[in-house]
Amino acid sequence: MGLEYVKISPGFERYMPRDYVDLVKMGQFGRQVDVMDLGQFKELVEDHPMCAGCYMAYFIRIFYASLPNPEDTIVLGTAGCARLALSQAAVPFIYGNYGDTNAVASGLKRALTIRFPDKHKDVVVIAGDGGLMDIGFGMTMHSWFRREKFTTIMVDNEVYGNTGGQESGMSPKGVQLKMAPKGKQFDKINAVELAKVAGCVYVAKLSPTNPKRIAKVIRRAILAARHFGPTFIHAYTSCNIEYSIPTREVLADARNREKKDFKFYEWMTDEVKEYFEEMEKKEVKA
Amino acid sequence: MMVEQKVVDPDYLILEAPRERKFITGSQAFAEAIKRANVDIAIAYPITPQSETMHLVGDLWAQGYVKDYYRAEEEYGAMSAIAGAVRGGARAFSATSGPGLLRGLEAIVSWPGHRIPAVLGVMTRVVNAPLSIQPDNVEIAYLLHSGLIVLHAENQQDVFDFTLAGFPISEKVDVYLPVVVATEGFFVTHAKGYVELPPEDMKLPPRDPYKAPVPPTDCEIPPARIQRDAPVQKSNFMSYLIHAVWQQEVWSANERARKWIKHYLGGLIEVVNPKAEVFIVASGCAAAQGREAQRYAEMEGLNVGLVKIKSIRPFPAQELREILKDAKAIIVPEHNIVGWLCKEVKAVIPNGDRVVEGPRVYGGMTLPVELIMDEIYRVLGIKKAKKTLV
């Protein structure tokens, strides 16, 4: 465990920023928090510059509260909205070049495995639909083909939000966006089926309406990646700006999409299923 | 299969250990350096003429000299994964050629700013259409403005020495930048030359990622909140400022590499006949041809010297100003059409009209010594009825 590195050296507590002291004393390091207790502990991410009503910001907040091992987790991101919050969390974050997340994560995970063969160092990519399914598509797919042991989370807002609202491969067919002035001409990419075919051992698709379920899925994806191979979560995180969703209707929109094309879906290999069953049995006993 | 290796001091391995002469190709010379460099991970992607080097490095992984190795999806993926591995604290190596270099370039030119100490082999090849696999070296020009350290190897011996020394130079705390070891494809990679090799039962100490100006991203050092790769996303003012100071530091680090290049490679330049009237200034394979031309000229009683430039970045500006101060003419033979080395030389010396623009060959063709001799005769006012060597 890398817990030692977050602790404050004796005698230095009074010199450390209050924010940091709170993180160590009342944060998530070294313990598993319940996502339903949000607001009752010091969270790994608090300040962020994302838009009011951004559902991606909400998802990222739940993501950080769900980490099984935050003191030994590294998050990777790329250009897009998500990194605005990711880069301000109390978890090491790597921001490389455009769409390179799954290649950088491959090298990183292998280096950590060479250097710390007896420790779990969780590597998690959180990138958008553009980063993973357009510009970084080849690297995303090949990291799965190679069975790299890290988690990929696609925060899908169905648009290039950060560059001003252009069509992405994940935008639904027919939607009129910048660079799609006549409406998008082809269907949303089926990322979940691609992930299964490419070799992911755990795949989930969700609309973030149920925080307990999001937390469970994130935890499962990270634990399965540790032991078995690549894992993938496809999360709908609407862009209320580019899709003109009034802030008060963002949750209703997520529920609406959950009834349509973002019905909760979870798939895993038999091996992974067995592992979770064993683990959950032990947890019940404990 | 693998020879038991003991860790020795880099100075001993590179400068003092007894050496044995072998007759090997440039690709083998790269691999011999990697064998002794204690490399954690090597990432490969095929392209002619580089592929053979990474085949041999793959064999080193199979034998146990390199801890991890894989064939990547393409060069952008390979170079990005190198960045990930190095951030994670590993020592990493890759190699590429021409179009592969340009495909990986977005990642490669970000390495200095991301402070990624690694070694990259570049075996030159035509990059522009019409397609060819021949060793034009115009691609080196694309590497000169990003903060990378760029060494240009003349022959198989340089390939070995520059690659092995590249790791300690790259990882010095006051440098911490990637080192490119460029050489001409085929002429060096696929041809054999004599290489003096230190014993294969010795290797460099492992990389110590904590001896660094920027921390590795491995969750093993305080504090919890690490922002190593700050996307410059604050106000415009902060954005200018952060980028500016960071890049200033990258280029200062590039300058600080000089002393280590001098230490391990005996200087940024090599000079033959320092009191010459006319100098050939060249790097890589052109320096080998320049060396021959200098030898012929000497045999003809002409006062011609050679300056071989080993380090293109940092560039030996002061050294060139000093050695060329009394030169009547400076001939810069090159393996490319743009004359990037000629421009570099002209930019750092007074009276640039002394510089002869060429001879240049391109498309990867060979550079006959006669072309350099023609320029020597021309600048010295020698008229030859029939051009014969010696």
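Would you mind stating whether A:Glu258 is surrounded by fewer than 17 Cβ atoms within 10 Å (Cβ to Cβ) and either of a type in the set (Gly, Ala, Ser) or without any contact (Cβ under 8 Å) to a residue 60 or more places away in the chain (or both)? Even if it seems obvious, please write down each step before you answer.
Details: surrounded by fewer than 17 Cβ atoms within 10 Å (Cβ to Cβ): no; either of a type in the set (Gly, Ala, Ser) or without any contact (Cβ under 8 Å) to a residue 60 or more places away in the chain (or both): yes.
Spelling it out, it is not the case that A:Glu258 is surrounded by fewer than 17 Cβ atoms within 10 Å (Cβ to Cβ) and either of a type in the set (Gly, Ala, Ser) or without any contact (Cβ under 8 Å) to a residue 60 or more places away in the chain (or both).
Residue under question is B:Lys343, and the condition is that it be under 23 Å from B:Thr183 (Cβ atoms) and charged (D, E, K, R); does it hold? Yes.
A residue that is at pLDDT 95 or above, part of a loop (DSSP other than H, G, I, E, B) and within 14 Å of chain A (Cβ to nearest Cβ) occurs somewhere in the stretch B:118-130.
For the stretch B:313-331, the criterion of being in contact with a Leu (Cβ under 9 Å, 6 or more places away or on another chain) and farther than 30 Å from B:Lys262 by Cα is met by no residue.
Here B:Gly364 clears all of (1) at pLDDT 95 or above; (2) within 19 Å of B:Asn155 (Cα to Cα); (3) in contact with a Gly (Cβ under 8 Å, 6 or more places away or on another chain) except the condition numbered (1). Can you find even one residue in the stretch B:322-330 that is of a type in the set (D, E, K, R), surrounded by 19 or more Cβ atoms within 10 Å (Cβ to Cβ) and part of a loop (DSSP other than H, G, I, E, B)? Within the stretch B:322-330, none of the residues are of a type in the set (D, E, K, R), surrounded by 19 or more Cβ atoms within 10 Å (Cβ to Cβ) and part of a loop (DSSP other than H, G, I, E, B).
For the stretch A:79-115, which positions are buried (at least 24 other Cβ atoms within 10 Å of the Cβ), within 7 Å of chain B (Cβ to nearest Cβ) and at pLDDT 95 or above? A:Asp100, A:Ala103, A:Val104, A:Ala105, A:Ser106, A:Gly107, A:Leu108, A:Arg110, A:Ala111, A:Leu112, listed by residue number.
For the stretch B:320-339, how many residues meet the condition of being within 21 Å of B:Asp374 (Cα to Cα) and either in contact (Cβ under 8 Å) with a residue 40 or more places away in the chain or more than 20 Å from the chain's Cα centre (by Cα) (or both)?
Applying the first criterion (within 21 Å of B:Asp374 (Cα to Cα)) to the stretch B:320-339 yields B:324, B:327-339.
Then keep just the ones that are either in contact (Cβ under 8 Å) with a residue 40 or more places away in the chain or more than 20 Å from the chain's Cα centre (by Cα) (or both); that gives B:324, B:327-338.
Residues meeting the conditions: 13.
Here A:Ile153 passes the criteria (1) more than 9 Å from every other protein chain (Cβ to nearest Cβ); (2) in contact with a strand residue (DSSP E or B) (Cβ under 9 Å, 6 or more places away or on another chain); (3) closer than 24 Å to B:Arg91 by Cα except the one numbered (3). The set of residues in the stretch B:245-281 that are of a type in the set (Asp, Glu) and more than 29 Å from B:Asp11 (Cα to Cα) contains only B:Glu277. Return yes when A:Thr163 is β-branched (Val, Ile, Thr), more than 14 Å from the chain's Cα centre (by Cα) and within 9 Å of another protein chain (Cβ to nearest Cβ) and no when it is not. No: the conditions fail for A:Thr163.
Before we move on, is B:Ile337 buried (at least 20 other Cβ atoms within 10 Å of the Cβ) and closer than 30 Å to B:Val126 by Cβ? So B:Ile337 does not fit the description; no.
Going through (1) basic (Lys, Arg); (2) assigned to a helix (DSSP H, G or I); (3) surrounded by 13 or more Cβ atoms within 10 Å (Cβ to Cβ); (4) touching a helix residue (DSSP H, G or I) at 6+ places or on another chain (Cβ under 7 Å) one by one, A:Lys273 falls short only on (4). Yes or no: the stretch A:116-136 includes at least one residue that is crowded, with 23+ Cβ neighbours inside 10 Å, on the phi > 0 side of the Ramachandran plot and in contact (Cβ under 8 Å) with a residue 40 or more places away in the chain. Checked the stretch A:116-136: no residue is crowded, with 23+ Cβ neighbours inside 10 Å, on the phi > 0 side of the Ramachandran plot and in contact (Cβ under 8 Å) with a residue 40 or more places away in the chain.
Kindly state which strands (runs of 3 or more DSSP E) lie completely within the stretch B:1-115 and contain at least 1 residues that are in contact (Cβ under 8 Å) with a residue 60 or more places away in the chain. So that I can check it myself, show each step before the final result.
Working: elements: B:20-25, B:41-44, B:68-71, B:92-96.
The qualifying strands (runs of 3 or more DSSP E) are B:20-25, B:92-96.
The residues of the stretch B:77-91 that are at negative phi and facing chain A (nearest Cβ under 7 Å), listed by number, are B:Gly77, B:Ser80, B:Ala81, B:Ile82, B:Ala83, B:Gly84, B:Ala85, B:Arg87, B:Gly88, B:Ala90. Hey, could you check the stretch A:5-62 for residues that are among the β-branched types (Val, Ile, Thr) and under 24 Å from A:Gly161 (Cβ atoms) and say which is surrounded by the most Cβ atoms within 10 Å (Cβ to Cβ)? Across the stretch A:5-62, the extreme among qualifying residues is A:Ile60.
B:Arg71: within 14 Å of chain A (Cβ to nearest Cβ), at pLDDT 95 or above and surrounded by fewer than 19 Cβ atoms within 10 Å (Cβ to Cβ), yes or no? When the stated conditions are applied, B:Arg71 passes them.
The values are calculated or read from the model by the stated rules, or taken from the named source; none is laboratory data. Model, not experiment: these values are computed from the prediction. Backbone-built Cβ (ideal geometry, glycine too); neighbour counts: all protein chains shown.
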